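Computed from the coordinates by the stated procedures, all read-outs in this text should not be read as laboratory data. Owing to the predicted nature of the structure, the values given are computational and were not obtained by experimental measurement. Cβ placement follows ideal geometry from the backbone for every residue including glycine, while neighbour counts extend to all protein chains displayed.
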Protein chains: 2
Amino acid sequence: MKKYKILLIIADGLGDRQVKSLGNKTPLEVADKPNIKELLKSSLVGLMDPIGPGIVAGSDTSHMAIFGVDPHRYYRGRGALEALGTGAYLTEGDIAFRGNFATVDENMNVIDRRAGRKIDEGEQLVNELNQKIGEIDGVKVTFYKATEHRVAVVLSGKDLSDKISDTDPHEVGRKIKESIPLDNSISARRTAEIVNNLTKRIYDVLSTSIYNKNRIERGEPPANIILLRGASKFVELPKLYNYTGLKGGAVSATALIKGVCKAIGMDVFTPKGATGGIDTNYDAKADKVIELFKDDKYDFVFLHIKATDAASHDGKAEEKVKAIEKIDYIIGKILNNVGREIVIMFTGDHATPVELKEHSGDPVPVLLYVPDNIIPDNVSDFNEREARKGSLKIIGLDVMNLLLNYSNRATKYGA
Amino acid sequence: MKKYKILLIIADGLGDRQVKSLGNKTPLEVADKPNIKELLKSSLVGLMDPIGPGIVAGSDTSHMAIFGVDPHRYYRGRGALEALGTGAYLTEGDIAFRGNFATVDENMNVIDRRAGRKIDEGEQLVNELNQKIGEIDGVKVTFYKATEHRVAVVLSGKDLSDKISDTDPHEVGRKIKESIPLDNSISARRTAEIVNNLTKRIYDVLSTSIYNKNRIERGEPPANIILLRGASKFVELPKLYNYTGLKGGAVSATALIKGVCKAIGMDVFTPKGATGGIDTNYDAKADKVIELFKDDKYDFVFLHIKATDAASHDGKAEEKVKAIEKIDYIIGKILNNVGREIVIMFTGDHATPVELKEHSGDPVPVLLYVPDNIIPDNVSDFNEREARKGSLKIIGLDVMNLLLNYSNRATKYGA
């Protein structure tokens with residue numbers, strides 16, 4: 001039996017409903033997809049509930065499930081995964097926060113939750129914080145710059161807890177919040193205290209920083225505080241190679257997804273021009289996938305496209321159609337360069353119907369192309385409507401088992 | 001409500017993919033199946049994942065699941081089940097091995113892993129071993145003859161472990177291996193030591209046996225050692241009668257399957273001429289099923305046919321087609337003799353696509369004939385392609401519940 005390499009493409013928020021502005025069709029129905037249609041000749045098709053029927057999945061929990069890691073057992077919040085994806089180095093028990101550079105007045109009232117969003121001095125401010133703070137109450141503190149106004153903040157030490165509340169008031173005009181323990185443990189009380197002390201130290205450092213003086217001089221809001229939210233303890237995840245035997249490479253520009261991939265031990269690549277938005281450089285992503293396929297190091301390549309979800313959240317049906325057509329273009333380019341002797345799954349991590357502008361718990365269409373002589377599902381197109389006629393009716397946790405089976409890489413359970 | 005008797009027919013490795021030599025049809029599609037087609041008029045049809053989507057099932061784990069015993073909870077390896085099927089008497093905690101009569105030189109290097117395969121004196125050699133060894137280090141040792149060169153070896157005593165390695169080097173020309181403990185437990189260390197002492201004793205007995213002297217004189221390789229593999233602890237399984245109320249009789253010629261049936265308390269029958277191969281006596285099997293149906297002792301009759309899997313592993317599509325046609329013939333014969341007032345399920349325990357020659361994780365078609373006035377699925381034939389159009393989409397663990405329901409034997413869950 002020939003062992004095939006595997007390509008998994010996840011278009012974030014792919015699933016949709018009938019869209020009025022598209023003549024009651026879904027973006028997948030409207031999009032021109034010649035390469036995907038070609039794959040249908042040797043594909044199984046159907047619907048996937050990333051977590052379970054009706055459950056509205058986040059991108060993190062869904063990707064974990066699709067990669068075969070049960071989120072009900074391992075998920076501990078977004079913070080640690082996003083910090084990982086931002087470049088943080090985490091060890092078991094670390095507490096990670098998502099943070100915003102923000103602007104407060106001298107009474108600690110929030111004036112701008114994003115300090116103008118565009119912060120050219122982010123790198124310098126993060127370096128200054130790391131140099132001047134370093135440690136609070138015996139706990140190591142590390143700051144990592146993310147996109148725009150975003151930062152990740154990591155506490156490393158013993159007996160820390162993620163059962164503490166945000167300092168982010170989530171509203172302009174309100175005072176920054178005290179972090180309070182959310183259970184009665186000593187570790188939660190201690191961690192909340194550390195976070196409150198840390199917030200004061202951050203204000204001391206940032207409000208006196210030369211970079212913020214420059215910002216004020218230029219008429220920009222000073223990035224004089226970091227609002228913290230989503231405390232999350234880092235729990236080591238099972239490693240993809242250990243539970244599947246697959247050596248995986250991931251191509252993504254989205255910190256949260258990169259974090260999930262890193263957490264299961266995949267090598268992660270963000271090619272130049274890949275933005276995680278609708279303006280992403282599709283060719284750069286396709287080229288990186290092709291490069292990974294030609295590298296003997298990888299037998300499983302994962303490609304994440306965020307543009308579909310971004311368009312959905314903005315309610316832009318036409319943009320979503322275009323993003324899907326670009327994914328079809330990518331698939332064509334990969335096939336032309338890598339050939340058809342690979343197993344391909346194309347699906348979404350959840351539905352984000354453009355008319356809802358939010359994630360929904362609708363099932364997501366899934367396509368599984370197999371070069372071997374399988375019985376194809378013979379549907380006329382790949383979309384939400386036709387997928388109901390296919391033979392696949394799966395959950396996210398089934399995906400890796402299906403990919404291992406159809407690439408002839410599964411190990412037999414029993415004799 | 002009339003309670004029907006139940007017939008469950010499992011064709012081993014039944015599921016398949018499109019086969020080029022069959023004009024891109026599956027063996028089930030090509031096979032002429034007049035009796036099965038007749039059943040379709042009052043049948044539900046669909047697909048079954050024996051364990052779960054994409055999971056490549058063994059015959060043992062799959063049969064356990066189909067009989068309603070969760071393998072994830074109860075499966076402890078093939079050895080104990082196969083020993084049971086070979087005729088071994090096992091109690092909880094016993095350690096069973098699969099063994100080969102083999103030929104070693106005086107330095108214990110393996111010359112023939114099967115001692116020529118054809119061993120006419122197998123029965124006598126096993127008797128000699130049982131008489132002369134009996135016990136090692138306070139642990140009872142029992143040998144059971146299986147087919148050809150195969151034996152089952154059982155250790156009975158307290159605090160034994162199956163976490164030990166094989167003595168079988170799995171290769172000719174290599175020295176027989178020391179069994180080593182696979183964990184740090186005292187029981188594993190002790191069991192490995194017993195197995196190594198046992199191996200020496202086996203050699204002492206067999207190398208001086210008159211039967212082997214005769215073999216050497218006839219120019220045959222002496223069966224002077226037993227290579228042991230697949231240590232497995234016997235765990236009592238739930239009994240079919242206790243969890244379903246069904247009194248079951250099984251017709252099979254395959255040791256592993258017979259073992260599963262015995263382990264759940266079924267009476268097991270191997271009619272003369274039933275071989276577990278493609279040369280099996282189908283009439284003898286049909287006759288035994290008919291006999292069991294006419295016996296008031298049984299309300300659940302299980303028929304296992306190995307020929308489909310044997311043909312698949314050999315890559316012989318035409319043989320598989322013939323085996324399926326023989327199963328159709330068996331069904332006709334049973335219906336003619338028993339009548340149509342029975343519930344019948346016909347399915348496979350896993351797919352073994354003839355072009356792959358190995359088990360795969362593809363779903364298996366399932367047919368459920370019900371004499372009551374159910375709404376039939378109205379598919380045109382019973383095969384992998386048509387089964388996708390049916391209403392059943394089940395896993396192995398659903399089977400007994402479905403059979404109990406449609407035979408009007410289920411007990412209500414709740415009020």
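Counting from the shortest, the label point at A:Ser380, 7 Å from Cα toward Cβ, is 1.8 nm from the same position in each remaining copy. With a cut-off of 11 Å between beta carbons, the residues surrounding A:Tyr4 carry a summed charge of +2, where Lys and Arg count +1 and Asp and Glu -1. For A:Lys333, the aspartates and glutamates whose Cα comes closer than 14 Å to its Cα, not counting residues fewer than 8 places off in the same chain, are A:Glu38, A:Asp283, A:Asp287, A:Glu291, A:Glu325.
Label positions at A:Ile55 and A:Glu148, each projected 7 Å from the Cα along the C-beta direction, are separated by 3.0 nm. Between B:Glu123 and A:Asp314, the distance separating the two model label sites (each 7 Å from Cα on the Cα→Cβ line) works out to 8.3 nm. Computed over the alpha carbons of chain B, Rg followed by Dmax gives 22.7, 74 Å.
For the stretch B:81-233, a simple Cβ point-charge model (Lys and Arg +1, Asp and Glu -1, everything else neutral) yields a dipole of about 120 debye relative to the Cα centre. Here A:Asn107 and B:Tyr74 are evaluated by their C-beta separation; at R0 = 60 Å the FRET efficiency comes out at 0.35. Between the listed residues B:Asn281, B:Ala387, B:Leu367, the Cα displaced farthest toward the positive end of the dipole of the stretch B:250-406, a dipole computed from Cβ unit charges relative to the Cα centre, is found at B:Asn281.
Note on the stretch A:262-415: dipole from Cβ charges, positive end direction compared against A:Val321, A:Val301, A:Leu404; the farthest Cα belongs to A:Leu404.
Packing, as the average of other Cβ atoms within 10 Å across residues, places the peptides A:213-222, B:249-258, A:12-21 in the order B:249-258, A:12-21, A:213-222, highest first. Pairs of Cα atoms nearer than 8 Å and 6+ residues apart set the relative contact order; for chain A it is 33 percent. Between helix B:282-294 and chain B there is an angle of about 70 degrees, using the helix long axis and the longest principal axis of the Cα atoms. Would you mind getting me the FRET efficiency between B:Ile375 and B:Asn130? Use the beta-carbon distance for r and R0 = 35 Å, nearest 0.05. The pair B:Ile375/B:Asn130 has a calculated efficiency of 0.05.
With a Förster radius of 51 Å applied to the beta-carbon distance between A:Thr208 and A:Ser21, the computed FRET efficiency rounds to 0.50. Dividing the mean sequence gap of close Cα pairs (under 8 Å, 6+ apart) by how many residues the stretch B:81-233 holds gives a relative contact order of 33 percent. Per-residue ellipticity at 222 nm from helix content only, as computed over chain B with -39500 (n - 2.57) for each DSSP H run of at least four residues, stands at -9500 deg cm²/dmol. Which residues among the stretch B:1-26 fall inside the zone where the amide N is under 17 Å from a point 7 Å beyond the Cα of B:Glu341, along Cα→Cβ? Hits in the stretch B:1-26 for B:Glu341 at 17 Å: B:1-7. Loop-located GluC sites (Glu not before Pro) in the stretch B:112-173 (DSSP state not H, G, I, E or B) with no more than 12 neighbouring Cβ atoms inside 10 Å: B:Glu171. List the lysines whose Cα sits under 21 Å from the Cα of B:Lys213, skipping any in the same chain fewer than 8 residues away. Leaving aside lysines fewer than 8 places away in the same chain, those within reach of B:Lys213 are B:Lys118, B:Lys132, B:Lys145, B:Lys200. Loop-located trypsin sites (Lys or Arg not before Pro) in the stretch B:329-411 (DSSP state not H, G, I, E or B) with no more than 15 neighbouring Cβ atoms inside 10 Å: B:Arg340, B:Lys357, B:Lys389.
In this Cβ point-charge picture (+1 for Lys and Arg, -1 for Asp and Glu), the protein assembly as shown has a dipole of about 480 debye about its Cα centre. Chain B comes nearest to the axis taking it onto chain A at the Cβ of one residue; that residue and its distance, in whole Å, are B:Lys393, 3.
Dipole magnitude for chain A: about 480 debye, using +1 per Lys or Arg Cβ and -1 per Asp or Glu Cβ, origin at the Cα centre. Computed from label points 7 Å out along Cα-Cβ, the spacing between B:Lys200 and A:Tyr243 is 4.5 nm. When you look at the Cβ of every residue in B:75-82, what mean number of other chain Cβ atoms sits within 10 Å? Neighbouring Cβ atoms belonging to other protein chains average 1 per residue here. In chain B, the longest principal axis of the Cα atoms and the axis of helix B:186-207 are about 70 degrees apart. Computed from Cα positions, the angle between helix B:122-132 and the longest principal axis of chain B comes to roughly 50 degrees.
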